[in-house]
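As structure tokens, the structure follows; a few thoughts come after it.
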Amino acid sequence: MTIYKEQAAKMYLLCDPKSNVEHNIVEAHSIKDLNASTVKKMFKLIKQFGYFIIQLRSSQHKENLLELSQYFGSIVKHEHSDKQGIVPVTPLENSPGYVNTTTTELPLHTDGSFAVDPPKIVALQCEVAVAIGGLTTIGDGRLLYDYLTRTNPCGLLNLFQPDAITVQRENRQSTKPIFEEHESRIRIRFRWDDAVNISVKPEDLRIIKTIKYFFNRPENMLQFKLQPQQIIIMDNSRILHGRTAFNQESKRLLNRVWFDGKSDYSEELCFGFSPRETLEELKQKCCL
């Protein structure tokens, strides 16, 4: 993978040096031709880092994307998906309010902000990349959680409340926690952009500002150019993703598919992350 060093669009490491994106790439001819060793490596990477990239030689884009279902579960359709469940992520005119169709910067977020049960896996496949800009950006919810436990544990505890954040667009609204505990693991749901109306409690504005500051720091993000025939596969309950801006005249095409995480390989997946401090330990620290 080429590391791009455009101005304000460098390649950074997350806090763990082992998370260098080049080490998280697996290669194959096509998804249907994956061997047992490659499949084992895929699940090892997503368990450890929350994401991996698969580099394919086959140019059968949609076929490869849909074949991932055998590993990551049934496809979860979106209102903008085609009949197969694929959403094109490409600039479109006259589509206000939908960030996937713009060329502007897309802040780090998890997908499924209006869903009761968000997709567990997000796959983004590149068909056409742009020469300048349009970098894929990812951030690790585990690193954010650990940072907040050290700097503002009681503020973090508030983000577990069921009404921590409300997202609204037209006649759709979703109120939910930002962090949730599931069987000793923590999951994150977060979105903060101008395409929707977002509200939080006044007392939580400070920690929201901290979250935005944290993910704007270069050392807390990873930016890279997703290349044609590459697919990035992410745990949507741990990894936040976004994109840098690119020229309006440029053609950029990604395909996105959501999966529910329920397959014959479900036991290989552990969604979210193991926290350094559990929810109960946070409550004790804040004397609750």
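The values are calculated or read from the model by the stated rules, or taken from the named source; none is laboratory data. Since we're looking at a predicted model, the values are computed, not measured. Cβ sites come from the backbone with ideal geometry, for glycine too, and all protein chains shown count toward neighbours. The accessibility values were calculated without ligands, DNA or RNA, using every heavy atom of the protein model including side chains. Shrake-Rupley method; radii C 1.70, N 1.55, O 1.52, S 1.80 Å.
Show me the helices (runs of 4 or more DSSP H) entirely contained within the range 45-151 in which 2 or more residues are among the acidic types (Asp, Glu).
Working: elements: 61-67, 69-72, 141-151.
Helices (runs of 4 or more DSSP H) meeting the threshold: 61-67.
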Listed by first then second residue, the pairs whose first member lies in the range 67-82 and is touching a residue at least 60 places away in the same chain (Cβ under 8 Å), whose partner is open to solvent by 70 Å² or more (accessible area, probe 1.4 Å), with beta carbons under 6 Å and at least 6 positions apart or on separate chains, are 71/265; 73/262
Please specify each residue of the range 134-173 satisfying the condition of being over 19 Å from the mean Cα position of the chain (by Cα) and among the small types (Gly, Ala, Ser). 155, 164
Could you tell me how many of the residues in the range 253-267 are more than 19 Å from the chain's Cα centre (by Cα) and of a type outside the set (S, T, N, Q)? 3
Are any residues in the range 83-118 of a type in the set (S, T, N, Q), open to solvent by 50 Å² or more (accessible area, probe 1.4 Å) and touching a residue at least 12 places away in the same chain (Cβ under 8 Å), and if so, which ones? 84, 104
Answer residue from the range 226-273, given it is among the basic types (Lys, Arg) and surrounded by 22 or more Cβ atoms within 10 Å (Cβ to Cβ) and is nearest to residue 108 (Cα to Cα) among those: 243
